[in-house]
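The values are calculated or read from the model by the stated rules, or taken from the named source; none is laboratory data. Model, not experiment: these values are computed from the prediction. Positions of Cβ are generated from backbone atoms using ideal geometry, with glycine treated the same way; all protein chains shown enter the neighbour counts.
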Amino acid sequence: MRAILISPYSRGPVRGNITTVNRIGHHLQRAGAEIAILPLDAVSPEEIEAQALSFMPDIVHAFHIRYCGERAADLAERLKRPLVITVTGSDIYDDALRGHLSTTRALARADSIVCFSVTEAEQVAAHFPGVARRCAIIPQGVECRAESICSACRPDDKPFVLLPAALRPVKNIESAIRATEGIRMNGSPLRLLIAGGVIDRAYAATIFDLISRSSWVRWLGEVPYHEMGALYREAGVVLNTSLYEGMPNCLMEAMALGRPVLAVDIPGNRSLIRHGETGWLYAGEEGLRDRLVEILGDRALRIVIGTNAERYIRENHDPVREAEAYLNLYRSLA
């Protein structure tokens, strides 16, 4: 089985799409498939077509409807091969991306549309009812190790809450800064560490300005991926404050390492976290602040929830099973 994976990004700050495509490609290869990854930010349209004609895949597989769907559909049509599109999050939850004509056209041409969860599939069906019968659900896999030492951590950082988020508006980083300010004002030694590179420079400038006036907050910049496991391990709680998500890799990685997670109550996070069992959900900055105080004040509870989270991820988000599901889908189409 040969498949071309077309991704929107391969360079710059780590994004969920990069992690997802690399993981799936790796495990598909381990399962015996021949894989070529063609990122649109690094390979020209002419090079993509030339490589595809030389490789002659059995399947063309795009990740992100708006950014990759039509390009992949054109390629699949030229090669006379089936097209798979994996919904990655912003393509269905961002109004502008979901509403773009390119998104509608790409979905109409896809032979199969993969969603990470029932919640995501329901969102796709609600906005594009004509494609519901072509939707397949394949839960994301995750793999994260804590074998290295995190060079970004300092002894005076503890105790700290970790927010893994590239600097762009959708991550809503300012809400975490404001919420932790209220905790600090009550005498807590809590620190907030933000790990992620700059994607939106204007937004980053506003965050840096906030940080300059918030002594308990530290921006770590882009932490090497192989060090993220060690950083998760050191955190008291791992946060997600995004305005929308698909199924966030950072939460899954933290949960896989047995870390307690606290995430804003949005569809993508609800599909992953069972409130009070495998993590916590919150609504609004006051809810974030109150929940953090509760969690950080109960170490035994953090251990129980972290253990539950690790078990849940192990049982439901195995990257080997993820690759097997994609291979079975490929075979059914090819």
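Of note:
- For the range 1-26, the set of residues classified as at pLDDT 95 or above, in contact with a Lys or Arg (Cβ under 9 Å, 6 or more places away or on another chain) and surrounded by 19 or more Cβ atoms within 10 Å (Cβ to Cβ) consists of 4, 6, listed by residue number.
- Scan of the range 48-67 for residues that are of a type in the set (A, V, I, L, M, F, W, C), in a helix (DSSP H, G or I) and more than 17 Å from residue 16 (Cβ to Cβ), ordered by number: 48, 50, 52, 53, 55
- Looking across the range 180-207, the residues that are aliphatic (A, V, I, L, M), surrounded by 16 or more Cβ atoms within 10 Å (Cβ to Cβ) and within 23 Å of the chain's Cα centre (by Cα) come down to 192, 193, 194, 195, 198, 199, 204, 207.
- So residue 126, is it out of contact with any strand residue (DSSP E or B) (no Cβ under 6 Å at 6 or more places or on another chain), outside any loop (DSSP other than H, G, I, E, B) and either within 23 Å of residue 258 (Cα to Cα) or not assigned by TED's automatic domain parsing to the domain that holds residue 311 (or both): yes
- Sub-8 Å Cβ pairs linking a first residue in the range 14-35 that is closer than 13 Å to residue 322 by Cβ and not assigned by TED's automatic domain parsing to the domain that holds residue 228 to a second residue that is of a type in the set (Asp, Glu) and surrounded by fewer than 20 Cβ atoms within 10 Å (Cβ to Cβ), at least 6 apart or interchain, are 23/143; 31/324, ordered by first then second residue.
- Selection within the range 9-40 - within 18 Å of residue 59 (Cβ to Cβ), of a type outside the set (A, V, I, L, M, F, W, C) and in a loop (DSSP other than H, G, I, E, B): 32
- Selection from the range 68-111 of residues that are assigned to a helix (DSSP H, G or I), farther than 25 Å from residue 33 by Cα and not aliphatic (A, V, I, L, M): 90, 91, 93, 95, 98, 102, 103, 104, 105
- Selection of the range 91-102 for residues being closer than 21 Å to residue 16 by Cα and either free of Cβ contacts under 8 Å to residues at least 12 places away in the same chain or crowded, with 23+ Cβ neighbours inside 10 Å (or both) yields 91, 92, 95, 96.
- Applying the criterion of being among the small types (Gly, Ala, Ser) and in a helix (DSSP H, G or I) to the residues of the range 280-325, the residue that is surrounded by the most Cβ atoms within 10 Å (Cβ to Cβ) is 309.
- Filtered residue count, the range 232-279, keeping only those that are part of a helix (DSSP H, G or I) and either buried (at least 22 other Cβ atoms within 10 Å of the Cβ) or among the small types (Gly, Ala, Ser) (or both): 11
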